[in-house]
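Where a number appears in this text, it was derived from the coordinates with a stated rule and is not lab data. Bear in mind the structure is a predicted one, so any value in this text is a computation, not a measurement. Quick reminder, even Gly has a Cβ in these numbers, built from the backbone with ideal geometry, and neighbours come from all protein chains shown.
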Amino acid sequence: MKKIKELFHKYNQPDTLMVFSSYALKDGDISKQNALAWYTKELLSSLPKSQKIIVLAENVKGNSNKIIQKDNILIIPCWQKRNFCSILKNLYYYSVFNRAKNVLIQFEFNYFGHIFGPLIMLFTLAYLKILNKKVLFQLHEIVTNLYIIRKQINLTNKAALHFFNFSLNVFYKLINFFVDKILVTESSLAAKFKKITGSNKVMILPIMVKSQLQKVEKNEFNHLKNIYKLKNKFVILFFGYLSWYKGIDWLVDIFPHLKKKVPNLTLVVAGDASPTLVGDKHYDHWYANLKSKMKKEKDIIHTGFISNNDVELWLSTSDLLILPYKVFKSSSGPLSWALSYNKPVIFSIPLKEYKKSDDFAYALKKSDLTDSDIFFDLNAKSLANLIQNLKIGQLKKFTKNLAETRSEKTVSTKLLNIFNPANNKKINNNAKSLLLKALRLAIR
């Protein structure tokens, strides 16, 4: 108990960053949590070790609920999905760490495992405003019209859709009222939020691209190719949690037609059911049907959930990453992995919204790629034509160019400057000092 008090005192400082999010303590935890668990861990790990961080983390079933200190990060597992009381327990910690003024909240819908998640979040934000905390709210998905994802959420009643669309708009406006800054990952998402709220608080923080990755040994992926008989095969990879909006069911359905055009094709589906959706009857039925279809196709390999190390191995083994999304409502985590490994990637037409981000559009132009070289319509003919005419060299150049603008250092520095504007002043002062020195030398 004494040690805990000492830790609390150590971290209860004005420059400490408090973070509310799922957090992957172990590699396997991501299979039980959500993509934000991985994202948050990577983002916080990229910050300087001098930056004190408190994570109010999800308490994963089967894990210890002990408070842990890892380097500069104090991890407090204190809330669980579908447990209203445990989520409200966070309010206690926001009060205990009364000197810590900066709070970063990671949010996506269905985060808490039930429909009341957004209401709980609004209540939390109101409390933080009373405490006079500076809140950075990162919205990882923005949907302005539920009609486009009606098949995923199993909502087709027009009156219900109208009601929930209205509620969404109110939610976004209240978020904008309560917080100091809104963080989104792409320009398209920022534009959608601004259109609804008229906000001037929105800032873009892209998913960072890791630069220091372990190289996969040649014998490792040769071994994998031998096990799955991938020699002389063209391997396309889809990985991540399996959801309707990501288009994996469409890809599996058109795969037999695709094989007729590209006979040596193998599809690797490296992912499993979404932990935030498992238990929903509609989703469970959809997923069971998807698994059944994949099992029937001899050239579809479904690995199930894979660890980070296995992601690296499959990326090294595959020839191409595919993102066949039906809807653009959030940035793709697998894309950042592809950028890290300089892996060619192709996108469905709905993902053309990425082009609204200046760095994405510039990377395309710099790589001498047109839309038809990287985007495909959601039909077998269009996808087959793109695969048969791939410009591998230019696609690799594109991933390299985009990776440079979203590097670990660039993104972490941007986050530091957002919640601590003093960093900007230091940078500006240093720049002015260097400029003055240069002028003095020039005069001499």
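General observations
- Cβ crowding within 10 Å, taken as a proxy for footprinting-reagent exposure, orders 173, 195 from fewest neighbours to most as 195, 173.
- Links that overshoot a 28 Å alpha carbon limit, given the list 133/194; 231/365; 49/181; 218/396; 81/134; 41/281: 231/365; 41/281
- Under 5 Å, built H, 5+ apart or other chain: amide partners of residue 74: 53, 54, 55
- Unit Cα scatterers, Debye sum, the range 258-346: log10 I(q)/I(0) for q = 0.10, 0.14, 0.16 Å⁻¹: -0.30, -0.61, -0.81
- Relative contact order (%) - criterion: Cα under 8 Å, at least six apart; region: the chain: 14
- Taking only the C-alpha atoms of the range 2-204, Rg followed by Dmax gives 17.3, 57 Å.
- Cα centroid of the range 127-181 to Cα centroid of the range 90-113, whole Å: 18
- Antiparallel DSSP beta bridges within the chain, percent to nearest 5: 5
- Ranking 242, 372, 305 by how far each Cα lies toward the positive end of the dipole of the range 218-405 (charges on Cβ) leaves 372 at the top.
- Ordering 121, 203, 18 by the number of other Cβ atoms within 10 Å of each residue's own Cβ, fewest first, gives 203, 121, 18.
- Value at 222 nm in deg cm²/dmol, rounded to 500, when DSSP H runs of n ≥ 4 in the chain each add -39,500 (n - 2.57): -14500 deg cm²/dmol
- Exposure proxy ranking, count of Cβ atoms within 10 Å, fewest first, for 38, 337: 38, 337
- Translational diffusion of the chain, µm² s⁻¹ [Kirkwood Rh, Cα pairs; Stokes-Einstein; 37 °C; 0.692 mPa s]: 140
- Largest mean-square fluctuation among 292, 318, 407, in a Gaussian network model of the chain whose springs join Cα atoms under 10 Å apart, belongs to 292.
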